[in-house]
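Q: Take this structure first; my questions come after.
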Amino acid sequence: MSTITEKDLFEATCHVGHRKQKWNPKMAPYLYGTQKGIHIFDLVQTKEHLERVCRELKKLYVEGKTILFISTKQQSIVPIERLGNSLNQPVVTKKWIPGLLTNWQTIKRRIKYYLDLQQSFQTGEIEKYKKKEQQMLRKKLAKLDNALSGVSNMTELPDAIFVVDAVCDNVAVREANKKGIPLFGICDSNSNPDSFTEFIPANDDAVKSLSAILDVIETELKGAPAKKKT
């Protein structure tokens, strides 16, 4: 397991929650206290939960399962996309498409259309259309690329989901819960821990905090020999 310490987590500002007026009372067991009206996480528990999440994700990764990483908040787009590329896992970073999980068969058809359209541009087949039609299809491709590029390799529903901010991406959380898909992620002081299969009580806003947590997850999973997806 990673050698990250409580001191490392502190220096990465993982301990800083939200203002106490914005908290979710169910997070009380994971808080150390308050400082200047801000909730402070108990980093001993943060570290323990991070290790648990890593163990669960690592088990899935080694088995060749698909883990969908989600975060549409600006400061986490780069590290989430890097993580997805590094682990060869799908990501959603631009916009959550309502029904991505609960209406998967429809989304699956849209992904196929997107890939077919993408191929028509790559092969030059698009040239058979008039310029006005090509322009229209190019705009459509750009829109689909923004929405579906991160999940274009998904052929079935993911085996698990990791969400950075359960409040920001609450629709994804609800869909995962509705479909019974195991949900992992960071749970800030304003989030509901009951939504998760396992969670990391920590700051989900600061870039340093996100980077520290995601780096540990990447290191742990990259160190495991993943089976090829069949």
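Computed from the coordinates by the stated procedures, all read-outs in this text should not be read as laboratory data. Predicted model, so just to flag it, every value in this text is computed and none were measured. Heads up, the Cβs are rebuilt from the backbone with ideal geometry, glycines too, and the neighbour counts pull from every protein chain shown.
Q: Taking 8 Å as the Cα distance limit and 6 or more residues as the minimum spacing, I'd like the relative contact order of region 63-172 as a percentage.
A: 46 percent
Q: Based only on the alpha carbon positions, what is the Kirkwood hydrodynamic radius of region 104-151, in angstrom?
A: 11.1 Å
Q: Quick one: which residues, 5+ away or cross-chain, put their amide H under 5 Å from the amide H of Phe41? H built at 1.01 Å from N.
A: Val16, Gly17, Tyr32
Q: Follow-up question, since we're still on this one. Residues with beta-carbon under 14 Å from that of Lys131, excluding Lys131: net charge, scoring Lys, Arg +1 and Asp, Glu -1?
A: Local charge sum for Lys131: +3.
Q: When the dipole is taken about the Cα centre of the chain, and only Lys, Arg (+1) and Asp, Glu (-1) are charged at their Cβ, what size is it in debye, to the nearest 20?
A: Charge dipole, the chain, about its Cα centre: 1140 debye, nearest 20.
Q: Give the distance, in whole Å, between the Cα centre of region 1-42 and the Cα centre of region 196-212.
A: What the calculation gives is 10 Å, centre to centre.
Q: Give the residue list of chymotrypsin sites (Phe, Trp or Tyr not before Pro) in region 108-205 that are DSSP loop and have at most 13 other beta-carbon atoms within 10 angstrom.
A: Within region 108-205, the qualifying chymotrypsin sites (Phe, Trp or Tyr not before Pro) (loop, at most 13 other Cβ atoms within 10 Å) are Tyr129.
Q: So which residue, out of Ile213, Ile67, Ile181, gets the largest mean-square fluctuation from a GNM of the chain using Cα contacts under 10 Å as springs?
A: Ile181
Q: Also, quick follow-up: I'm checking a number: the convex hull volume of the Cα atoms of region 147-230, normalised per residue, in Å³. What is it?
A: 123 Å³
Q: Shifting gears a bit: Among Thr93, Thr197, Thr5, what is the fewest-to-most ranking by other Cβ atoms within 10 Å?
A: Thr5, Thr197, Thr93
Q: Could you list Lys58, Lys179 so that the one with the fewest beta carbons within 10 Å of its beta carbon is first and the one with the most is last?
A: Ascending Cβ contact count within 10 Å gives the list Lys179, Lys58.
Q: Okay, next question. Gaussian network model of the chain, Cα springs within a sub-10 Å range: biggest mean-square fluctuation belongs to which of Lys139, Lys94, Lys65?
A: Lys139
Q: Also, I was wondering about something else. Regarding the chain, what are the three Cα extents along the principal axes, ordered largest first, in Å?
A: 65, 40, 31
Q: Another question, if that's okay. Just the number: Rg to Rh for region 1-114, Cα atoms, Kirkwood Rh, two decimals.
A: Ratio of gyration radius to Kirkwood radius: 1.04.
Q: Please check: in the Gaussian network model of the chain (C-alpha springs, under 10 Å), which one of Glu133, Glu63, Glu218 has the largest mean-square fluctuation.
A: Taking springs between Cα atoms under 10 Å, the residue moving most is Glu133.
Q: Angle between the Cα long axis of helix 77-87 and the longest principal axis of the chain, 0 to 90 degrees, nearest 10?
A: With rounding to tens, the tilt is 80 degrees.
Q: Per DSSP H run of n ≥ 4, the term is -39500 (n - 2.57); total these for the chain, divide by its residue number, and report the mean residue ellipticity at 222 nm rounded to 500 deg cm²/dmol.
A: -14500 deg cm²/dmol
Q: Work out from phi, with θ = phi - 60° and the Karplus expression 6.51 cos²θ - 1.76 cosθ + 1.60, the ³J(HN,Hα) of each residue of region 117-127, listed in order in whole Hz, and give x for Gly and Pro.
A: Whole-Hz 3J(HN,Hα) from phi for region 117-127: 5, 4, 5, 5, 6, 5, 8, x, 4, 4, 5.
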